[in-house]
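Chemist: Starting off with a structure, shown below.
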Amino acid sequence: MSQHVSIDRTRSAERIGRDIETLAGPAYTSSERAICRYAYTDVYRNTLDYFRERLGELGFRVYEDPVGNLVARNRPPGEPVFGLGSHCDSNRNGGKYDGTMGVVTALEVCRLDAELGLGLPLQLISFLEEEGSGFGQMLLGSRIVAGRVTERALRQDVRAIDDGRSFWEHAEEAGYQPSRWPECAAILDDLTGWLELHIEQGRVLQDAGHRVGVVSAIAGYVHADVEVRGRADHAGATPMDLRLDAGTVAAASLLELQRLARRANEKVPTVGTVGEVSLDPGLINVVPGGARFSLDIRGVDDRVVGEVFHQLSGFAHERAGREGMTATVTERQTVPVTPMDARIISALEGAAGRAGEPYTVLHSGAAHDTMSVAGRVPAGMVFVACRDGVSHSPEEEARPEDAAVGAEVMLNAIAATTES
Ligand SMILES: [Zn+2]
């Protein structure tokens, strides 16, 4: 069993706080009211350069892969290293902490390792475009690394929200070599393990009064669209029992999804959301002849998520059919649950225990880059509390003091898994 390494938490909190405040400054965000930075913009470039400089000062070799994922390591290529990091892009109306706190805390672990002379083999990664704010595709950088994209998508389908030009074109213009994207996979080659620290984006830790959490799994999800066809009619002249009102099927399905998700959640954490609804033609004096709504169903048990999806699909079909309408359900994307590695979880729990820090073991409802890493590398995540669970908002708030505890736990967990 390894010795626990204690750190000067006050000093670490100061450094983490300073990095976060610096990266909230005007050179690092394109909005005055929020953090707004995404791939291939000047403010994103400045953010990567900030990390490049700090890591260079620590003697790390820093480079960017062919699309712009940032990598920094303190061992030569080919030698085993432990990976740690997150993302430093933001939601378009984002806060200071989502993602950035994870990269800043990873940097702090690298600093502590150097300062305390621990000599841990480390590789920091900051993934490109996690939030999808530039190109509308979540986890884009890490999915490229994991090979979960196609060349066709990168060349054609993935397009900038701002100007509609392709990811490929933008990447080339920013000086990268997107044609070499398959080589991005190599950035995980030498990793013996992986840790990402992130704000919780929920309020489990706050309610438990704990500063840190150990993630057990990242929820899987089904994203789908339901399209209902009825018949558009005059809203004044058509009697109630002669209507084929597609809107009523959408409304009933929305409530049914709530009921199904609540019932499933009694057994295992499950949530269901209808986030997009549109009615056709969408006019005040016309009975909607068409309706479209989205489904977002997530949970930590793939079978249960699948069941809720199938029950809701069945409900929409039945409800539409009974009234002489049709419902078509189309899956957009299905992603399975990503369990975290048991050995990494126990290293984190051991480190938190030896640090005398109470912690919660919890799952992540939100997606993270770690989902892309976990297919190849034993992976884990540390959560820190965020006020009232608020994220993706300039109101987002988390404490550098908690991230310092996270840094101590990560440092010790890495030391324990590296030596055993
Ligand atoms: Zn994030």
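Chemist: Considering 367, 347, 352, which residue is within 16 Å of the ligand (Cβ to nearest atom) and crowded, with 18+ Cβ neighbours inside 10 Å?
Modeler: It is 367.
Chemist: Is it the case that segment 320-330 has a residue that's buried (at least 24 other Cβ atoms within 10 Å of the Cβ) and either farther than 28 Å from residue 301 by Cβ or outside the structural domain of residue 211 (by TED's automatic domain parsing) (or both)?
Modeler: Yes, there is a match, as at least one residue in segment 320-330 is buried (at least 24 other Cβ atoms within 10 Å of the Cβ) and either farther than 28 Å from residue 301 by Cβ or outside the structural domain of residue 211 (by TED's automatic domain parsing) (or both).
Chemist: Please indicate, with yes or no, whether at least one residue in segment 60-81 is within 16 Å of the ligand (Cβ to nearest atom) and modelled with pLDDT of 95 or more.
Modeler: yes
Chemist: Output the qualifying pairs, or none if there are none: Cβ atoms under 6 angstrom, residues six or more apart or on different chains, first residue in segment 112-140 and at pLDDT below 95, second residue more than 14 Å from the ligand (Cβ to nearest atom).
Modeler: Once the first residue is at pLDDT below 95 and sits in segment 112-140, its partners that are more than 14 Å from the ligand (Cβ to nearest atom) give 136/161; 137/158.
Chemist: Given 371, 381, which one is within 30 Å of residue 309 (Cβ to Cβ) and in contact with a helix residue (DSSP H, G or I) (Cβ under 7 Å, 6 or more places away or on another chain)?
Modeler: 381
Chemist: Which residue, of 280, 302, is under 29 Å from the mean Cα position of the chain (by Cα) and surrounded by 15 or more Cβ atoms within 10 Å (Cβ to Cβ)? Quick ask: steps written out before the conclusion?
Modeler: Details: 280 fails: under 29 Å from the mean Cα position of the chain (by Cα).
Being under 29 Å from the mean Cα position of the chain (by Cα) and surrounded by 15 or more Cβ atoms within 10 Å (Cβ to Cβ) holds for just one of 280, 302, which is 302.
Chemist: Looking at (1) within 16 Å of the ligand (Cβ to nearest atom); (2) assigned to a helix (DSSP H, G or I), which is the only condition residue 129 fails?
Modeler: The number of the failed condition is (2).
Chemist: For residue 80, all conditions in the list (1) surrounded by fewer than 18 Cβ atoms within 10 Å (Cβ to Cβ); (2) farther than 21 Å from residue 370 by Cβ hold save one; what is the number of the exception?
Modeler: (2)
Chemist: Could you tell me which of the residues 277, 287 is in contact with a His (Cβ under 8 Å, 6 or more places away or on another chain), within 21 Å of residue 232 (Cα to Cα) and not charged (D, E, K, R)?
Modeler: Unique residue meeting the criteria: 287.
Chemist: What number of residues within segment 372-395 are more than 30 Å from residue 114 (Cβ to Cβ) and either buried (at least 24 other Cβ atoms within 10 Å of the Cβ) or of a type in the set (Lys, Arg) (or both)?
Modeler: Initial filter on segment 372-395 (more than 30 Å from residue 114 (Cβ to Cβ)): 375, 387-395.
Still in the running and either buried (at least 24 other Cβ atoms within 10 Å of the Cβ) or of a type in the set (Lys, Arg) (or both): 387.
Total satisfying the criteria: 1.
Chemist: The conditions are (1) within 16 Å of the ligand (Cβ to nearest atom); (2) surrounded by fewer than 21 Cβ atoms within 10 Å (Cβ to Cβ), and residue 175 fails exactly one of them. Which is it?
Modeler: (1)
Chemist: Here's something else I'd like to know. Within segment 89-114, how many residues are within 14 Å of the ligand (Cβ to nearest atom) and either closer than 12 Å to residue 19 by Cα or outside the structural domain of residue 408 (by TED's automatic domain parsing) (or both)?
Modeler: Final tally of qualifying residues: 9.
Chemist: Confirm whether residue 391 is over 13 Å from residue 205 (Cα atoms) and within 14 Å of the ligand (Cβ to nearest atom).
Modeler: Taking the combined requirement at face value, the residue satisfies it.
Chemist: Residue 284 - would you say it is at pLDDT 95 or above and not in a loop (DSSP other than H, G, I, E, B)?
Modeler: On the way: at pLDDT 95 or above: yes; not in a loop (DSSP other than H, G, I, E, B): no.
Answer is no for this residue.
Chemist: Which one is nearest to the ligand (Cβ to nearest atom), of the residues in segment 200-226 that are aliphatic (A, V, I, L, M) and in contact with a helix residue (DSSP H, G or I) (Cβ under 6 Å, 6 or more places away or on another chain)?
Modeler: 218
The values are calculated or read from the model by the stated rules, or taken from the named source; none is laboratory data. Just so you know, these numbers come straight off a predicted model, no measurement behind them. Note that each Cβ is placed from the backbone with ideal geometry, even for glycine, and that neighbours are counted across all protein chains shown.
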